[in-house]
Amino acid sequence: MNRVLPILTVVAAIVVLWYGAAVAMNRAWVLDQAARAATEPPAFGQMVAATMTQERPVLPAPHQVVAELWKGVAGQAITSKRSLVYHGWITLSATLLGFAIGTAAGIALAVGIVHNRAMDMSVLPWAIASQTIPILAIAPMFIVVMNSMGVQGLVPKAIISAYLSFFPVVVGMVKGLRAPDTMQLDLLRTYNAGGAAVLGKLRLPASMPYLFASLKVGAAAALVGAIVGELPTGAVAGLGARLLSGSYYGQTIQIWAALFAAAIVAAGLVAVIGLVERVTLRRMGMAR
């Protein structure tokens, strides 16, 4: 209970502030409707009630977002194109593929950087520089190039996901592979251990906590990449498509529901990685 109470307090404070912001931002429409009808401005209670039930509010109230989420998850067949489960799975598929590619590339680059000084001096600065380019600028150009080559569907979105997810893995793994101190490395050298043995018996085990920490960041970044990859394609499926259709028709409640669905998917991915982390580190005797 001592752990849950602070969380519930923060959530309650956020909900209260959210409701207050919804009233403040949606009241202009209520006043405009009253002015057009040449009637007196509504009383405060009527004002609050009107701001909570608008079809296209500037800021949806929390209960409107929850209702839209429930309708999209439980109120539709999962094969329906109105189902958030259907759209979430489309985005999750690209996320998982991109995350796998980004993780593999990140680990391979980190191993090369740690074992090769030339790669350390050349590749790592370029990896850092690559993250300074806004993904919103790259994604449309990349999608157009891939489409011209006949590559469409899941793969372009997965590559964009991999582009965003590999960098945290590279940085985390480089830090983890360099975590063993000099005495540990010297001990293995006295046993005449080669580079592969040092990597497998010392560097990789020492890097596991850093790897899992970076994987949590990379998973969330991969989801963002998949959603961004759906935006310039005019996709008809995926959470990015829900965001697009909501923006086209001014359906702000739909937009917020899709955003929360994406947050739930990201939280699920991080939770799964956390579970694997606990099991793995416990088996390795590194559990905290």
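The values are calculated or read from the model by the stated rules, or taken from the named source; none is laboratory data. Source: prediction; values computed, not measured. Cβ: placed from backbone, ideal geometry, glycine included. Neighbour counts: every protein chain shown. The accessibility values were calculated without ligands, DNA or RNA, using every heavy atom of the protein model including side chains. Shrake-Rupley method; radii C 1.70, N 1.55, O 1.52, S 1.80 Å.
Quick notes on this one:
- When the residues of the range 234-288 are filtered to those that are among the hydroxyl-bearing types (S, T, Y) and surrounded by 13 or more Cβ atoms within 10 Å (Cβ to Cβ), the one that is farthest from the chain's Cα centre (by Cα) is T280.
- In the condition set (1) basic (K, R); (2) closer than 30 Å to S161 by Cα; (3) free of Cβ contacts under 8 Å to residues at least 60 places away in the same chain, R36 is compliant with all but (2).
- Within the range 112-148, considering residues that are small (G, A, S) and open to solvent by 60 Å² or more (accessible area, probe 1.4 Å), the one farthest from F99 (Cα to Cα): A118
- Close pairs (9 angstrom Cβ cut-off, 6 or more residues apart or separate chains): free of Cβ contacts under 8 Å to residues at least 12 places away in the same chain in the range 15-31, in a helix (DSSP H, G or I) and among the β-branched types (V, I, T) anywhere: A24/T51
- 1 or more residues under 23 Å from V270 (Cβ atoms) and either open to solvent by less than 30 Å² (accessible area, probe 1.4 Å) or of a type in the set (D, E, K, R) (or both): qualifying helices (runs of 4 or more DSSP H) within the range 149-213: 154-177
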